[in-house]
Amino acid sequence: MSDVQLTTVREAHRFDEEALQLYLTENLHDFRGPVTVQQFEGGQSNPTFQLATPDATYVLRKQPPGELLPSAHQVDREYRVMRALENSEVPVPKMYCLCEDPGIIGTKFYIMEMIEGRLCTDTLLPEFSKEDRRAVYSHLVQIMAALHNVDVEAVGLSDFGRPGNYYERQINRWSKQYLASQTEDIEAMVNLMQWLPDNIPEQKKTVIVHGDYRLGNTIIHPTEPRIVAVIDWELSTLGDGLADLGYLCQEYYADAYTSVGLASADLDSLGLPTQEEFVAEYCHHAHLDGVDNWLFYVIYNMFRSAGIVQGVYKRGIDGNASSQTALEYKEVARLRSERAWALVESL
């Protein structure tokens, strides 16, 4: 667990703070400078900053500098989905303004509410009591089901993703993204790129998917075992809710990036749900009878995670990653994809 870590703005992510202050004075209701800018540490994609003023504290999230992969870092989509969910059962920060003019600070950006709370990147929640761990995980799955129960048309997001097969498009996208950021040959990734398109289950329902739904992308109440905000919506789209579920549950099969992870933990003594309990609670809240072809969703997500992490590592090599930790991900794409291929071979 950590309180949110702030640092001075990294050299590669500096921008014209005076231009920003002028823009906010004209476009943000009740804004009053001067503004002090600090960067949030952690997060590997869109750089995020705290803006402190005499009256209020805001959060700015922007695209990273440099050449961007196609369809990556779409902060305008993040802004749109959180704005649409403002009055839903999914807790999100309040959105204030979106700037699509790169002439102000060099890239698109948006401003949102700063929500106080705890950021927990360790899936085992070591600083929580057994009861509080169970409560946080229960809330995590309830919110995910609530997201997948949102009426897409009612919140104005019926055009938020393309119609047609979600997994086909996603597998194609992450295969391309992986190849565009490849730094070595990984046989398991080649095998997965061939196996996955031929083994896609039928999709029952189209819902809003977060795309990176995990404990580390939530803010937990400062003192209570409940989630007060879901953040980092960059990969959100319309698709299959089981993709989000499989993404969360891949941790039961693979080493976490930075800790022991769920795969080798004593879940019972920690008060954490087993995968079966987690899936059953999701199905209860999402009104499903169960999940067929379960391992496909895990394998697909391990492949996708390997592709995402490879992009993070490549940005680290290129020097325009959002965080200093990007270079620590060197072996993760290989490990994740090899675990995924081992699951295919076990079928």
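All of the numbers you see were taken from the coordinates with simple rules; none came from a lab. These figures come from a predicted structure and were not determined experimentally. Cβ: placed from backbone, ideal geometry, glycine included. Neighbour counts: every protein chain shown.
Observations
- Zone residues, region 264-295, relative to Ala342, backbone N less than 12 Å from point 7 Å out along Cα-to-Cβ: 264
- Here the ratio of the Cα radius of gyration of the chain to 2.2 N^0.38 Å is 0.97.
- Within region 137-243, the GluC sites (Glu not before Pro) that combine a DSSP coil assignment with at most 16 other C-beta atoms in a 10 angstrom radius are Glu153, Glu184, Glu202.
- Signed unit charges on C-beta, dipole axis of region 6-113, positive-most listed residue Thr107, Asn46, Thr57: Asn46
- If the segment from Lys205 to Glu11 were pulled out straight at 0.36 nm per residue, it would be longer than the present Cα-Cα gap by 65.4 nm.
- Cα extents for region 6-113 along the principal axes, largest to smallest and rounded to whole angstrom: 36, 35, 26.
- Positive-end extreme of charge dipole, the chain - chosen from Leu272, Leu98, Leu147 (charges on Cβ): Leu98
- DSSP-loop trypsin sites (Lys or Arg not before Pro) across region 151-227, with at most 14 other Cβ within 10 angstrom: Lys204, Lys205
- Each stretch of four or more DSSP H residues adds -39500 (n - 2.57); spread over every residue of the chain, this sum gives -12000 deg cm²/dmol at 222 nm.
- When the chain is treated as a Gaussian network with alpha carbon springs shorter than 10 Å, the biggest mean-square fluctuation among Gln275, Gln39, Gln194 belongs to Gln194.
- Simple Cβ-charge dipole of region 130-346, Lys/Arg +1 and Asp/Glu -1, about Cα centre, in debye nearest 20: 480 debye
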